[in-house]
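Input: a single structure, listed below in structure tokens.
Values in this text are rule-based calculations from the coordinates and carry no lab data. Here the structure is a predicted model, which is why all the values come from computation and not from measurement. Ideal geometry is used to build each Cβ from the backbone, glycine not excepted, and the neighbour counts take in all protein chains shown.
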Amino acid sequence: MNTLTKSMLTASVILSAPVLSDSLPLYIGHQPSDLADHWRTSLTDFNQLSEPDTTDFTISTNPEKSNSAWEELPDTNHVYSNPYRVSLFSPQNGEDGARLWSQTKSIAAYGVGVAGVLALMPESITNWEKGGDDLFSKWVDNVSSGPTWDRDDWAINYIGHPYFGGVYYQAARKSGYRQWDSFIYSAMMSTFYWEYGIEAFAEVPSIQDLFVTPILGWVYGEWAYNKEQEIRLTGGTVWGSKSLGNVSLFLLDPVDSLGNGVNHIAGREIVRAGTGFVGVQNVNTPNGVSERQFRFEVQYALDATPGSSRTRKSYYSQNSEDPVTYSIVGVSAGASYVEPSDYWELDPGAGVSFTVGLHFSPALSGHLTYTRASLNDRETQQSATYESYSANGLYYFNTDSKLRPFVTAGFGESLKNEDTKTKQFQLNAGAGLHYALHPNWALQAEWRHAGRPSAKASENIATGRLVYRFGKGERI
């Protein structure tokens, strides 16, 4: 037996992924001499492993790492025949429901602390009303009064809420659930636990938070899920600093980090927490098909000298064809021409429009639409603020073409000068054209007519917008 064989007492397998997580200790089911013989003849071969090669190893994860990944679960392709099926409450494909329940209880406990911090912040930032009625009466009043368009600081609405939506999302994603189920979990937590739960003790539930938190939280959560893996692949360092790495990992997923800390302090598992990953990356094959590859690295000693080691990277592949990813999330921005109802006594004029939503298929999408304009008040001859917001569904025709006519319908409210006491409920319908420039980019023009069912008042809004879809965008 040569020096190489004698020195191979262990193999350290480090998991990596495109944008990946904690170095996950693995264990190789070979005797050292066998493993050495296997690798000895190809120390510089970095090609993809053949199927016989992959069967040479028995790999098991460190029991301290509780997470799992949907992409690693076997035989999941049958789920994609019904891609919007929700398996959150009846996991049948290896998802770890026990871990998710443990994480949910942790989130509930930590959320009380977050609410306490917000309660201490100035009311001008949070808009949380302090004092007055007892908590339960305030909760009942707020829930029965909402939802409404809130006026919280933009950083809270469009940074803070997506961040926590991503935190909810990762609890499910790391428990082996696919992206769609993780989004549904985030939507339920942000709606029932936060908007109609803890936050409703302080303020009326928010319309935009109900949409923005889970939808943009999906985008952030998937990014954070992958970015964590990337940091852990580098040994948990950021810019070469372990301290920056630890801070980054905590911020990316504070729930899992806190759970790990609780377990460490207690000396036993109280929370199902801990992160380890098999490496995953997308690779384009010669036939033009993109496939998902899982990577691990094997470190072994070339001689008996302490500290002398080399790394050999190897790969094995597994297709991951989930049609529902965060690529269905879209946002848009554009310009509108508004003809308000006579009820508002405002002259027509130009404004801006924004949407956030989900493109479920080439034929169907749903959006939250917000339009704002500064218009001339006929009575005071001063500038007044007009706003409208609505939840809309869009149905597209000619879906095999880049140019797609569509019809839209929805419901919402309009108001003047941010005065919620005068807001008017409206139904709307309209039509437009959608032109796909690129899987991620599209142009859209639409006209919508909105009115009150109990009144003759009506208004028209014409909008041109640029649409962006995250991830890989539409599968054209």
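Can you give me the distance in nm between label points at residue 466 and residue 322, each placed 7 Å from the Cα along the Cα-to-Cβ direction?
Result for the modelled spin labels: 3.0 nm.
How much length is gained if the chain between residue 85 and residue 383 is pulled fully straight, taking 0.36 nm per residue apart and subtracting their Cα-Cα distance, in nm to one decimal? Before the final figure, lay out each step's value.
Values: separation 298, 0.36 × 298 = 107.28 nm, distance 4.87 nm.
Roughly 102.4 nm would be gained on extension.
Around residue 147, with a cut-off of 9 angstrom between Cβ atoms, what is the net charge of the other residues, counting Lys and Arg +1 and Asp and Glu -1? Present the calculation step by step, with values, prior to reporting the outcome.
Working: positive: none; negative: 150, 195, 209.
With Lys, Arg at +1 and Asp, Glu at -1, the net is -3.
For the range 73-272, compute Rg over Rh where Rg is the Cα radius of gyration and Rh is the Kirkwood radius from the inverse mean 1/r over Cα pairs. Walk me through the numbers on the way to the answer.
On the way: Rg = 18.1 Å, Rh = 18.1 Å.
My calculation of the ratio gives 1.00.
Report the gain in length on full extension from residue 158 to residue 402: 0.36 nm times residue separation, minus Cα-Cα distance, nm rounded to one decimal. List each step's numbers first, then the result.
Details: separation 244, 0.36 × 244 = 87.84 nm, distance 3.11 nm.
Gain on extension, residue 158 to residue 402, equals 84.7 nm.
Given the Cα-Cα distance of residue 455 and residue 247 and 0.36 nm per residue of separation, how much length would full extension add, in nm?
On the way: separation 208, 0.36 × 208 = 74.88 nm, distance 5.64 nm.
Stretched out fully, the residue 455 to residue 247 stretch lengthens by 69.2 nm.
Please order 469, 85, 178 by the number of other Cβ within 10 Å, starting at the fewest.
Final ranking by Cβ density, sparse to dense: 85, 469, 178.
Tell me the Kirkwood radius of the range 145-240: reciprocal of the mean inverse pair distance over distinct alpha-carbon atoms, in Å.
On the way: mean 1/r = 0.0720 Å⁻¹.
Evaluated over the range 145-240, this radius sits at 13.9 Å.
Sticking with the crude label model, points 7 Å out along Cα→Cβ, report the distance from residue 192 to residue 361 in nm, one decimal please.
2.7
Using the scaling law 2.2 N^0.38 Å as the reference, what is the normalised Cα Rg of the range 326-469?
Details: Rg = 15.5 Å, N = 144, 2.2 N^0.38 = 14.5 Å.
Expressed relative to 2.2 N^0.38 Å, the Cα Rg reads 1.07.
For an R0 of 45 angstrom, estimate the FRET efficiency from the Cβ-Cβ distance between residue 136 and residue 339 and round to the nearest 0.05. Intermediate values should be presented prior to the final figure.
Details: r = 45 Å, r/R0 = 0.99.
Efficiency at R0 = 45 Å is approximately 0.50.
Between residue 238 and residue 433, what is the label-to-label distance in nm when each label sits 7 Å out along the Cα-to-Cβ direction?
4.6
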